[in-house]
1. I need the GluC sites (Glu not before Pro) found in region 114-212, filtered to DSSP loop residues with at most 12 other beta carbons within 10 Å of theirs.
2. Per 0.36 nm of contour for each residue apart, how much would the distance between Leu215 and Phe270 grow if the chain were fully extended, relative to their Cα-Cα spacing?
3. Between His83 and Ser21, what is the spin-label point distance in nm, taking each point 7 Å from the Cα along the Cα→C-beta axis?
4. Taking 7 Å along the Cα-to-C-beta vector as the label spot, tell me the Ala388-Ser436 distance in nanometres, rounded to one decimal.
5. Among the lysines, which fall within straight-line cross-link reach of Lys301, defined as a Cα-Cα distance under 25 Å, with same-chain neighbours fewer than 8 residues apart omitted?
6. Which FRET efficiency value, to the nearest 0.05, is calculated for Ser39 and Leu119 with the Förster distance at 35 angstrom and r the Cβ-Cβ distance?
7. If amide H atoms are built 1.01 Å from N in the plane of the peptide, which residues on other chains or at least 5 residues away come under 5 Å of the amide H of Gly165?
8. Check cross-link reach from Lys107 to the lysines: straight Cα distance under 16 Å, and skip same-chain residues fewer than eight apart.
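What follows draws every value from the coordinates through simple rules; no lab data is involved. For clarity, every value in this text was computed on a predicted model and none was experimentally measured. Virtual Cβ from ideal backbone geometry, glycine too; neighbours counted across all protein chains shown.
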Amino acid sequence: MKTSFLDQVCSAFSSDFMTQSPEKLEHFGRDWTRVFLPSPSAVVFPRTTDEVARFLRLCSQERIAVVPSGGRTGLAGGAVAAHGEVVLSLDRMNRMEPVDTLASTVKVQAGAITEAVHLHCLPHLLTWPIDFASKGSSQVGGNISTNAGGVKVIRYGLTRQWVLGLQVVTMQGDILELNGALEKNNTGLDMRQIFIGSEGTLGVVTEATLKLAPLPKNLEVFFFALEDIDAVLRLFQEARRSGFQIMAFEFLTRNCFELVSSSRGLTSPFQKSYPAYVLMEIERLEGEGPWDRWLEAVFEKEFVLDGTVAQSPREAKELWSFREGISESLSLHGFVHKNDIAISISQLGSFVQEMYSLFMTRNPGLEIFLFGHIGDGNLHVNTLKPNAMNQEEFVQLCHETDFELFTLVKKYAGSISAEHGIGLLKKDALPFSRSSIELELMRGFKRLLDPQKLLNPGKIFD
């Protein structure tokens, strides 16, 4: 890094603004992928939007590449600094303003932790309904930059549905105020949507006005055992016909269930093992009839093999552990190759059958751990490296299989990345889900907003 640039940073910002500590470089230079080696040149910690703007303006003048960094919980390499970039951490920008109970909104800085926002709104019986296992460390800015999904998408949709306004800083140091707290604004292109999901390649989100929802009440958590994906989809159809407000409908295979049980020491709610499981959470609205009649009717149709319902908040939390503990349990057992795909719900059954046939033919010795959000068609396809296989051979085999998997996804007009984004990890596969015209339009936005290609370089596309 240029000495002149370091001197300018030291003179223009506080003494604790920048660090080149090897420990900090290692920590802030990577995300959860653990595939790419971090190699940033420095890490900076702004406290205000003005500091972000002044720093990016300086970097633009000196042609210094910058990687925005939130909670780094992504799984696509979107927050990795692998080529000497400066990491711009939003950790210190975590202020949350008072909740506006009349408008049901709250304005927060981009570094606010997702779960902290939930707790901030809780006394007002309101919530920002973006929820996933990493909520304790993910940050709002990262959620917005990746258009995060999670377990409640079936009920609330993606992050973009819950962002009213954005404050964004471009690589040139310009500060954009986009939409404020307006619910309605029909004045041309909605610039918010260009930055939401752009993975920090077009601008740095520094503040957001978030739309809030009433805190759900009367939640019931069910856990079902089933024979296969077709039975899972039939249960989903029955649940949608029930009239209940479905909050989550999560699917996992037998090996996922058994892995979490052993890793976390959980006791199965069933006497025997089954091929597939579903965790379903509903909100019972005032005036609705009891759910037990619906449950009886479902069992009478004989496609559900067993089931239980949580009798207390503690039991509900235990049942959720079988779903939320899968990724962590897989990581504890070794190296995992992950895919995060989406297929239209009506085609999930036939897709899963073809996918399993592909893996059995292509890699019969590799075990697939399948789970996901059935209500929005998102499947997580995880392959665990066998102990006897070296990592290089395993990765090569998985990458070869990915080509065939993504070809199958394309056949079903699906997405090769449902909620983890593209980052560094998936950019070669992007043409399986996006046309050449779409890709050129994306590059056009990049050229317009970051002509020197300094902001999160190499992410999404080269």
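1. Here the sparse-neighbourhood loop sites are Glu183.
2. Details: separation 55, 0.36 × 55 = 19.80 nm, distance 3.12 nm.
Going from the current span to full extension adds 16.7 nm.
3. A separation of 2.9 nm, rounded to one decimal place.
4. For the pair Ala388/Ser436, the computed spacing is 4.5 nm.
5. Here the lysines satisfying the reach criterion relative to Lys301 are Lys272.
6. Working: r = 36 Å, r/R0 = 1.02.
Efficiency, rounded to the nearest 0.05: 0.45.
7. For Gly165, whose amide H was placed from the backbone, the distant partners under 5 Å are Thr209.
8. Candidates past the 8-residue exclusion: Lys211.
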